[in-house]
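The values are calculated or read from the model by the stated rules, or taken from the named source; none is laboratory data. Note that the structure is a prediction, hence the values are computed from the model and not measured. Positions of Cβ are backbone-derived with ideal geometry, glycine not excepted, and every protein chain shown enters the neighbour counts.
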Amino acid sequence: MNNLVLNSESLNYVLENKTIDRQDIIDIYQKSIIQPNELFYTAQNLRKKYKKNTVTFSKKAFFNIVNLCKDTCSYCTYKSEPGESKISLMSKKQISELLQLAKKYRCVEALFVTGERPEQKYQEASEWLKENGFNSTSEYLVHASEQALELGLFPHTNAGNLSYEEMKELKKTNVSMGIMLENISERLTKKGMPHYLAASKKPKTRIQVLENSGKLGIPMTTGILVGIGETMEEIIDSILAIKALHQKYGNIQEVILQNFQPKPDTVMKNSPSADEKYFKIVVALTRIIMPQMNIQIPPNLSPKSYHSFLSVGINDWGGISSLTPDFVNPEFIWPEINKVEENSKKSGFELKCRFPVYPEFFSFISKELRDKIAVIKDKEGLVKENYWK
Ligand code: SF4
């Protein structure tokens, strides 16, 4: 059997709902480097089958709660050091003011982001927590989440490796939570590699957090960072690891595929951005590995071509904010929502606003949270158009 036929057969299997194994996926990838159209076509068909002609986003405000971090990743520009002008230590008053503004702008999601356990490394962080009346960052996040909910905004926390108990507490107020797997490869944690100085990025640790989220039944967002020196086998193994978690617990609500972009003030400043064709192959492979998954790319990281990813398998743009910057990628401003809507429409897709929890995961959250969602929910479980527009 020649490889081209094998490639077609494997992709036909996918369309027929048959399982393909790791070696099939590697074979599909190797053929697709030369000619990706067949893979893209299959991904597009699956996307249409399971997600119709809708593309979603979440209208959010980004709360940069604290950007001190005990770890150091070679590509990160979010992390700050004490004394730097970009440092963020949001006070209760600042959180409350931004929440009010977010409500006024009819945001739906309050995204709460922090560095990894800053109080373990920085006195500034422990003092800031004390000043505001808290012992830990996670306690502060519980408070911020309660405030958001009171105003009718829906919290989604991404605060690194939270413990089981911390996540259990945050589940009461957060309709979903997030943590990037980044990559399953131990190799990327070795000396000279991007996660060498980031203990929290050790794959086993990340998987444990995701396992805990599964045990707790938290709708979870995870994903991988593409273009940081990984091999395609490592990408495939990462996606398969996410798939295995989802098969075990059923709680992975979406997979973010984030293309690496070098940042001027980082160790990886001279590394090239993820190649677009390679990135599209990763997107399409993710769709064929998990045909029904919600797959997201951030539109601000592919500013000129994001809409072209609609034809290789994505169905979500993630959180977009008209109010706050993307503090993780501050050089990449989010496109205006009406522009995203226009570009989606030109590509044949209708833009709709979702909650930070996808409708198919509503059963994972408490009745109290579902009742709050019901106030602005349409019959599809998305945000009523007259609320977000
Ligand atoms: S990516 Fe996250 S864990 Fe890594 S340095 Fe930045 S804030 Fe810390």
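Summary table
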read-out	value
Any pair with Cβ under 9 angstrom, 6 or more apart, that starts in the range 352-363 at a residue that is on the phi > 0 side of the Ramachandran plot and modelled with pLDDT of 95 or more and ends at one that is charged (D, E, K, R) and surrounded by 22 or more Cβ atoms within 10 Å (Cβ to Cβ)	none
Every residue from the range 12-51 that is free of Cβ contacts under 8 Å to residues at least 24 places away in the same chain and touching a Phe, Trp or Tyr at 6+ places or on another chain (Cβ under 9 Å)	THR19, ASP24
Identity of the residue in the range 346-376, among the charged types (D, E, K, R) and in contact with a strand residue (DSSP E or B) (Cβ under 7 Å, 6 or more places away or on another chain), that ends up surrounded by the most Cβ atoms within 10 Å (Cβ to Cβ)	ARG354
Meets criteria (closer than 23 Å to GLU166 by Cβ, within 16 Å of the ligand (Cβ to nearest atom) and either surrounded by 22 or more Cβ atoms within 10 Å (Cβ to Cβ) or assigned by TED's automatic domain parsing to the domain that holds LYS269 (or both)) for LYS92	no
Positions within the range 186-231 being in contact (Cβ under 8 Å) with a residue 60 or more places away in the chain, crowded, with 17+ Cβ neighbours inside 10 Å and more than 14 Å from the ligand (Cβ to nearest atom), in sequence order	ILE218, PRO219, THR221
So VAL142, is it assigned by TED's automatic domain parsing to the domain that holds ALA61 and not in a helix (DSSP H, G or I)	no
Filtered residue count, the range 319-348, keeping only those that are under 21 Å from the mean Cα position of the chain (by Cα) and touching a residue at least 40 places away in the same chain (Cβ under 8 Å)	17
Residue, nearest to the ligand (Cβ to nearest atom), within the range 159-178, restricted to residues that are in a loop (DSSP other than H, G, I, E, B) and crowded, with 22+ Cβ neighbours inside 10 Å	GLY160
